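Down below is the structure, laid out as structure tokens.
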Amino acid sequence: MAVSKSALREKYRRQVAREQGSIVKDPGGRLPVAVVYPNAYRVGMSNLGVHQLYRLLNNRYGTMAERVFYEGPHQQVFSLENFRPLAEFPLVAFSVSYELDYFNIPQMLTSAGIPVYAGQRGENHPLVIAGGACIMANPAPVLPFFDALAIGEAEVLLEPMLEALESAGPGRQARLEALAGVPGMLVPGYSGSGLVKRRHLDDLDSEPCHTAVVTPDAEFGHMYMLEVERGCCRGCKFCLVNKVFSPLRFHSLENLLENAGEGLKYRRHIGLVGPAASMHPRAEELVAGIRRMGGQVSISSLAVKPLSSGLLKELVLAGASSVTLAPEAGSEKLRQNIGKALTEAEILEAVAKVSAAGLNGLKLYFMAGLPREQEEDIVSLKELVLKCLKEFGRRSLNINVAPFVPKPFTAFEREPVMAAELLEEELGYLKSELRTAGVKVKMESPAWSRIQAMLSRGDEKLAPVIASLEKPSLTGWKRALEAAGIDEQAYLGRIPEDKTLPWSIISSL
């Protein structure tokens with residue numbers, strides 16, 4: 001239910017009052033940019049991409065950024081800092097990290113009085129652009145909603161994009177033509193038929209990435225987030241990271257310690273962020289350095305191999321009570337098939353190290369419904385978890401099982417999604433067997449994972465379906481697909497080798 005304008009204004013006033021680091025500028029002479037995250041404030045303020053975009057724009061001469069978050073269906077859309085209507089910003093920049101947030105994009109545009117489709121916008125409407133992990137992988141399902149899309153990292157795209165807009169002639173068409181000339185920008189109708197090459201930042205130290213606005217109201221509001229690295233070199237066949245965010249790059253130890261020191265002025269707890277954060281060549285020194293400055297440390301995930309006992313010891317000394325490992329699959333055969341070259345002995349050795357270090361909590365990540373997965377692989381997963389439980393002892397052992405979702409640019413991009421009934425059966429078996437043994441089990445929804453898979457590798461035909469959903473639901477999604485004459489199996493089945501992929505407009509080379 002939509003709240004009144006005055007109630008929303010008061011909510012935003014209280015939120016900003018609880019923040020440290022938010023910036024309220026006088027717009028005079030500056031280009032106002034709305035940084036939009038199509039989910040709730042609590043979620044968006046735990047996303048480092050939002051913090052980085054906000055910092056880059058507000059540090060730049062001639063621009064100012066204000067944040068906008070999703071408040072629900074039919075809710076008027078205003079900025080947090082100055083309570084400015086979204087439609088009044090000349091430039092609206094969406095940061096899109098999760099496919100299921102696609103549903104909130106048309107709702108926000110409609111509630112703001114901005115036409116959902118870019119082709120319906122006129123001279124008085126803002127330019128609406130998008131970037132983020134989903135856009136860098138496959139923007140096709142939401143491409144019709146945006147005037148331009150940023151295929152790459154903000155640190156290298158933002159400045160040339162803004163310079164192009166500032167030097168463009170008057171009028172919407174002139175600005176779009178200028179954006180089309182920026183490497184890494186995809187401008188429908190203006191970019192031509194050539195591939196758009198994804199762009200990345202070579203030197204991470206040149207643009208440190210960390211919490212820009214400290215707030216207790218974020219999901220990770222108790223910590224100051226600090227990016228340790230980007231990309232990954234493990235080569236897992238299911239993972240988007242080692243394709244979209246490659247190459248693997250690290251911030252230097254000196255840079256990280258300097259920024260951690262700044263962060264400790266606001267929070268005692270430093271969260272080290274990155275898909276391969278524990279692979280930093282000086283990870284142990286980093287944790288030790290933060291600890292010596294009086295900080296507590298947590299890390300997003302640890303590599304099973306190699307897993308340093310020294311790093312675990314430092315984490316315990318720095319106040320960590322639990323860690324996360326990701327074996328991904330139960331059998332060695334299946335792990336080999338997905339590019340996760342771990343033996344059972346190596347996994348159990350890692351669990352033993354975690355236990356010996358004195359950590360009281362352990363979370364294990366797995367997937368179900370993987371390509372060429374058999375019934376015995378699920379049984380092996382159960383048995384592996386029980387062995388880990390025995391190795392770890394009767395302390396807190398949690399597992400998270402997510403259905404496999406094929407991602408663009410990965411080795412499994414054309415693989416089919418497992419039938420819902422079979423996947424439900426597998427998850428039900430694991431839940432029953434492991435909870436009985438005292439393992440805490442969290443399962444992600446197979447039904448919503450199927451929708452995520454459709455959005456992950458969908459095409460522009462899905463845009464009207466996304467736009468038609470006033471309130472996303474499983475039933476509503478099915479009805480919208482039927483109304484559009486779309487067979488979901490065309491997106492969930494194996495994609496033939498001779499079929500052109502929607503993301504073929506992007507080059508990662």
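Bear in mind these aren't lab numbers, they're just calculated from the coordinates by the rules spelled out. Computed from a prediction, not measured in an experiment: that's the story for all the values here. Glycine also receives a Cβ, built like all others from the backbone with ideal geometry; neighbour counts cover every protein chain displayed.
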Inset, instruction - Take the alpha carbon gyration tensor of segment 222-319, find the square roots of its eigenvalues, order them as a ≥ b ≥ c, and report rounded if a/c is under 1.5; if not, report prolate when a/b exceeds b/c, else oblate. - result: prolate
Inset, instruction - Any chance you could run the full-extension gain for A420 through K265? It's 0.36 nm times the residue separation minus the Cα-Cα distance, nm to one decimal. - result: 50.9 nm
Legend entry - Subset of K305/K333; K305/K340; K353/K390; K382/K442; K305/K363; K363/K407 violating a 19 Å alpha-carbon distance limit: K363/K407
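Quick check: residue separation of Y190 and E482 times 0.36 nm, minus the Cα distance between them. What number comes out in nm? Display every interim value, and only then the final one.
Values: separation 292, 0.36 × 292 = 105.12 nm, distance 3.25 nm.
The span from Y190 to E482 would gain 101.9 nm if fully extended.
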Legend entry - Residues of type aspartates and glutamates that K197 reaches as a straight line, Cα spacing below 13 Å, ignoring anything fewer than 8 places off in the same chain: E153
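Would you please put 288-299, 60-71 in order of how densely packed they are, using the mean number of other Cβ atoms within 10 angstrom per residue and starting with the highest?
Working: 288-299: 18.6, 60-71: 20.1.
Ranking the peptides 288-299, 60-71 by packing returns 60-71, 288-299.
Determine, from the Cβ-Cβ distance of Y365 and Q173 and an R0 of 41 Å, the FRET efficiency 1/(1 + (r/R0)^6), rounded to the nearest 0.05. Please list the in-between numbers first.
Working: r = 48 Å, r/R0 = 1.16.
Result of the calculation: an efficiency of 0.30.
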Inset, instruction - Calculate the spin-label point distance for T343 paired with R292, positioning each point 7 Å from the Cα along the beta-carbon direction, and give it in nanometres. - result: 3.7
Inset, instruction - Only Lys, Arg, Asp and Glu count, each charged at its Cβ (+1, +1, -1, -1), so figure out the dipole size of segment 222-319 about its Cα centre, rounded to 20 debye. - result: 300
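For T110 and S309, what is the calculated FRET efficiency with R₀ set at 51 Å and r taken between the beta-carbons, to the nearest 0.05? List each step's numbers first, then the result.
Working: r = 55 Å, r/R0 = 1.07.
Efficiency, from the Cβ-Cβ distance: 0.40.
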Legend entry - Computed helical MRE - 222 nm, the chain, DSSP H runs ≥ 4 contributing -39500 (n - 2.57), nearest 500: -10500 deg cm²/dmol
Inset, instruction - For segment 291-369, give the magnitude of the charge dipole about the Cα centre (Cβ charges: +1 Lys/Arg, -1 Asp/Glu; no others), in debye to the nearest 20. - result: 220
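How would you classify segment 30-109 from its alpha-carbon gyration tensor, with a ≥ b ≥ c the square roots of the eigenvalues: rounded for a/c under 1.5, else prolate if a/b is greater than b/c, otherwise oblate?
Working: a/c = 1.99, a/b = 1.32, b/c = 1.51.
Note, shape of segment 30-109 comes out oblate.
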Legend entry - Cα-projected label distance for E470 with Q76, points at 7 Å along beta-carbon direction, nm: 2.1
Inset, instruction - Could you calculate the contour length gain from R395 to K5, that is, 0.36 nm times the residue separation minus the distance between their Cα atoms, to one decimal place in nm? - result: 135.5 nm
Inset, instruction - Could you list, by residue number, the cysteines of the chain that have no other cysteine's beta carbon within less than 4.7 Å of their beta carbon? - result: C134, C209, C232, C233, C388
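If you take the square roots of the eigenvalues of the alpha-carbon gyration tensor of the chain and sort them as a ≥ b ≥ c, do you get rounded (a/c under 1.5), prolate (a/b over b/c) or oblate? Show your work: numbers first, answer last.
Working: a/c = 1.72, a/b = 1.27, b/c = 1.35.
Oblate shape, in that a/c is at least 1.5 and b/c is the bigger or equal ratio.
Just how large is the dipole of the chain about the Cα centre, in debye to the nearest 20, putting +1 at every Lys and Arg Cβ and -1 at every Asp and Glu Cβ?
In debye, rounded to 20, the chain gives about 1080.
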Inset, instruction - Within segment 203-228, find all residues whose amide N lies under 20 Å from a label point positioned 7 Å from the Cα of R42 along Cα-to-beta-carbon. - result: 213-225
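Over segment 405-509, what is the relative contact order in percent, taking alpha-carbon pairs closer than 8 angstrom and at least six residues apart? Could you put the intermediate results ahead of the total?
On the way: 75 pairs, mean separation 38.1, N = 105.
In percent, rounded to a whole number, it is 36.
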Legend entry - For segment 5-197, the spread of Cα positions along each principal axis, largest first, Å: 47, 34, 30
Inset, instruction - Collect residues whose amide H, placed 1.01 Å from N in the peptide plane, falls under 5 Å from the amide H of K197; neighbours closer than 5 in sequence don't count. - result: G184, S507
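Do you know the relative contact order of the chain, to the nearest whole percent, from alpha carbon pairs under 8 angstrom that are 6+ apart? Don't skip to the end; give the middle numbers.
Working: 960 pairs, mean separation 64.3, N = 509.
That works out to 13 percent.
For Y429 and E166, FRET efficiency with R0 = 56 Å and r from the beta-carbon atoms, rounded to 0.05?
Details: r = 59 Å, r/R0 = 1.05.
Result of the calculation: an efficiency of 0.40.
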